[in-house]
2 protein chains.
Amino acid sequence: MMKDGSLNELLLLLLSKKGNYVSGEEISEKLGVSRTAVWKQVNHLRKLGYEIDSVPRVGYCLKKSPDLLLPEEIIQSSRLEFLARKIYYYPSIGSTNDEAKKLAQNGAPHGTLVIAEEQTGGKGRLGRRWVSPPREGIWLSIILRPSLEPYEAPRITMTCAVAAAKAIRKVAGIDCWIKWPNDLLVEGKKVAGILTEMSADMDSINFVVTGIGVNVNNTDFPAEIKETATSLKLVSGKNVGRLKILTEFLSQFEVVYRYLEDGEFGKVLEEWRQLSCNLGRRVRIIGRNYELEGLALDVDDDGALLVKTDGGTVERVLSGDVSLRE
Amino acid sequence: MMKDGSLNELLLLLLSKKGNYVSGEEISEKLGVSRTAVWKQVNHLRKLGYEIDSVPRVGYCLKKSPDLLLPEEIIQSSRLEFLARKIYYYPSIGSTNDEAKKLAQNGAPHGTLVIAEEQTGGKGRLGRRWVSPPREGIWLSIILRPSLEPYEAPRITMTCAVAAAKAIRKVAGIDCWIKWPNDLLVEGKKVAGILTEMSADMDSINFVVTGIGVNVNNTDFPAEIKETATSLKLVSGKNVGRLKILTEFLSQFEVVYRYLEDGEFGKVLEEWRQLSCNLGRRVRIIGRNYELEGLALDVDDDGALLVKTDGGTVERVLSGDVSLRE
């Protein structure tokens, strides 16, 4: 979180009156600081990229935001319930999932968000790297304390995938598909990935951290993923508002997560099936100790992929790398 | 760990020559400290309960140890491989499992031990309390980094239970039984409990912390568990060496854990079956959302209990409270 409490308050105030002038006097009264302090903070916001007009004897007016993922922006532009209670924001961090796990271990509540503008050590599945350059994408982790048993944890990944695919479709108007178990594809390339981690005993989950990385405005990728990765900007040909994608995702997540908590996971599963690019197609799966090829029939409540092999048996696959065959 | 490095060294030296005199000169040379410093440290050890004889111009002789679970004692009295590499020792701590999880999160290696003489917030399954009075039992957690998938984690609990039951049988000469999923019983009462916790993503386990509490020399229990708990001392009628139980347990654990890692979990399972008090008996299981009564047939590779109900179906039970029916 930003350290300067009254900077947060100033931003919230200007955001709530965006496009209108607020007098320096009103601001200094509401924030309980001097008008010189207000002026200093306005300049601080300008350095962050906020366009703030100031007219002598009239006041300040927020004209344009720099599309940062600041907590105040999220609070102002969405109506969230449990996800908005606690937000940790970092201009740069190693990994939001690692930070979220530490916070959760120390008691951070259900729904806590950890958001970074940049990850220097972003992680994907199986310890792979997730490239997370500053201000180009959404690098986010959510701390959850669901009443699930450990084997049900993949449901969280599926819930997150549904919310993200719906948000991308709605905001960017792009056909986005879920690839089992944890990727989102646009035009056959990876646009987002989900990494769900948990702390559990054998009876119940202590906490889950579900992290998502969305390539929003990336224009370039490292050589090793150039062929397989894309961004919303590369597909749509224009900049996409990160804040819009983020707040839509969070709103969608709250809706779908409620189904899951209310024992209506079937509804999530149904949406997942509609958004999946695997089902009904030939897939090849490479797991740790096996390889498998066959027809992807369905997913079950535990998030396992049901694959009909050429031998005619139906295998229940819990993890592995999937490629689509035509 | 003890802060005073040379105190550790002194103890190791005296332990290695237990019953024999070592001259103050030899000690001060080996430890690189003055003879006055040696004398001070001898007195420090005496305060911890060590009986150390000192004869002018002859030296010091360790006559008797106070049965503390100090790392030096463990190292001296066992031949451990991976479990002895790093030991954290606390005279008193909240919960060894919580401490171990923090250490693991910060990178503590496979095999790290966390040992306390007292737990002020000892935990059992389902958030229950585990009474852990000072110096009366063994309160211990092991950090493991197994190459298992999350659903296989219950194997660790089973491995730990087998090692503990064997150690108790061998050292205390008492018939000790494993009660699914995580308790050890003597004469029908609980003498030890295991709490296995894990950090995992959907593909693999990051780390497991398996904690065990063994009631060794307890003579009294709080009212709410008086009828159901016992200790090795209450059963055998005499004090039992905690250090002996502990080091035997650790040695057994290394043997059984190796089976598990080498893909020979069947061997562990076979020992588990021999030591189980559930199999072949009528059990009643109370889970979170169900109750079940029937004949306990077997356990499977995932640690699930297979119960044949009166209706004739075989249920696969992953968690729950079990009571034995006659």
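The values are calculated or read from the model by the stated rules, or taken from the named source; none is laboratory data. What you see is a predicted model, and the numbers here were worked out from it, not measured in a lab. In this analysis, Cβ positions are derived from the backbone assuming ideal geometry, glycine residues included, and neighbour counts consider all displayed protein chains. Just the protein is used for accessible areas: all its heavy atoms, side chains included, with ligands, DNA and RNA removed. Shrake-Rupley method; radii C 1.70, N 1.55, O 1.52, S 1.80 Å.
A few notes on this one:
- Among the residues making up the stretch A:67-114, those that are among the β-branched types (Val, Ile, Thr) and under 15 Å from the mean Cα position of the chain (by Cα) are A:ILE74, A:ILE87, A:THR96, A:THR112, A:VAL114.
- A residue that is within 28 Å of B:GLY121 (Cα to Cα), out of contact with any strand residue (DSSP E or B) (no Cβ under 6 Å at 6 or more places or on another chain) and either exposed (fewer than 14 other Cβ atoms within 10 Å of the Cβ) or in contact (Cβ under 8 Å) with a residue 12 or more places away in the chain (or both) cannot be found anywhere in the stretch B:14-37.
- Residue match in the stretch A:289-306 (condition: open to solvent by 70 Å² or more (accessible area, probe 1.4 Å), in contact with a Leu (Cβ under 8 Å, 6 or more places away or on another chain) and farther than 26 Å from A:ASN217 by Cβ): yes
- Hits in the stretch A:72-106 - residues which are open to solvent by less than 50 Å² (accessible area, probe 1.4 Å), of a type in the set (Gly, Ala, Ser) and not in a helix (DSSP H, G or I): A:SER78, A:GLY94, A:SER95
- Search result, residues across the stretch A:120-142 that are in a loop (DSSP other than H, G, I, E, B), open to solvent by 30 Å² or more (accessible area, probe 1.4 Å) and within 14 Å of chain B (Cβ to nearest Cβ): A:GLY121, A:ARG128, A:TRP130
- Helices (runs of 4 or more DSSP H) fully within the stretch A:207-326 that include at least 1 residues being of a type in the set (Phe, Trp, Tyr) and out of contact with any strand residue (DSSP E or B) (no Cβ under 8 Å at 6 or more places or on another chain): A:242-261, A:265-275.
- Neighbours by Cβ (under 9 Å, 6+ apart or cross-chain): first from the stretch A:119-136, more than 21 Å from A:MET198 (Cβ to Cβ); second open to solvent by 40 Å² or more (accessible area, probe 1.4 Å) and among the hydrophobic types (A, V, I, L, M, F, W, C): A:ARG129/A:ILE225; A:VAL131/A:ILE225
- Residue that is closer than 15 Å to B:LEU12 by Cα and outside the structural domain of B:ILE138 (by TED's automatic domain parsing), where the choices are B:GLN41, B:GLN76: B:GLN41
- Among the residues making up the stretch A:143-191, those that are without any contact (Cβ under 8 Å) to a residue 40 or more places away in the chain and surrounded by 20 or more Cβ atoms within 10 Å (Cβ to Cβ) are A:ASP183, A:LEU184.
- When the stretch A:188-214 is filtered for residues that are within 12 Å of the chain's Cα centre (by Cα), within 10 Å of another protein chain (Cβ to nearest Cβ), more than 17 Å from A:SER319 (Cα to Cα) and of a type outside the set (Val, Ile, Thr), only A:GLY211 remains.
- Taking the stretch A:228-253 as the range and being open to solvent by 20 Å² or more (accessible area, probe 1.4 Å) and among the basic types (Lys, Arg) as the test, the residues that pass are A:LYS233, A:LYS238, A:LYS244.
- Residue that is farthest from the other protein chains (Cβ to nearest Cβ), among those in the stretch B:84-111 that are without any contact (Cβ under 8 Å) to a residue 60 or more places away in the chain and among the basic types (Lys, Arg): B:ARG85
- Some residue of the stretch A:219-227 being facing chain B (nearest Cβ under 10 Å), farther than 15 Å from A:VAL171 by Cβ and open to solvent by 10 Å² or more (accessible area, probe 1.4 Å): no
- Scanning the stretch B:155-177 for residues that are under 18 Å from B:ASP67 (Cα atoms) and of a type in the set (Phe, Trp, Tyr) turns up nothing.
- Members of the stretch B:30-53 that are part of a strand (DSSP E or B) and out of contact with any helix residue (DSSP H, G or I) (no Cβ under 7 Å at 6 or more places or on another chain): B:GLU51, B:ASP53
- Test: residue in the stretch A:254-263 that is within 14 Å of chain B (Cβ to nearest Cβ) and either surrounded by fewer than 21 Cβ atoms within 10 Å (Cβ to Cβ) or touching a residue at least 12 places away in the same chain (Cβ under 8 Å) (or both): yes
- Exactly one residue out of B:ASN8, B:ASN97 is under 30 Å from B:PRO109 (Cα atoms), among the polar types (S, T, N, Q) and in contact with a helix residue (DSSP H, G or I) (Cβ under 9 Å, 6 or more places away or on another chain): that is B:ASN8.
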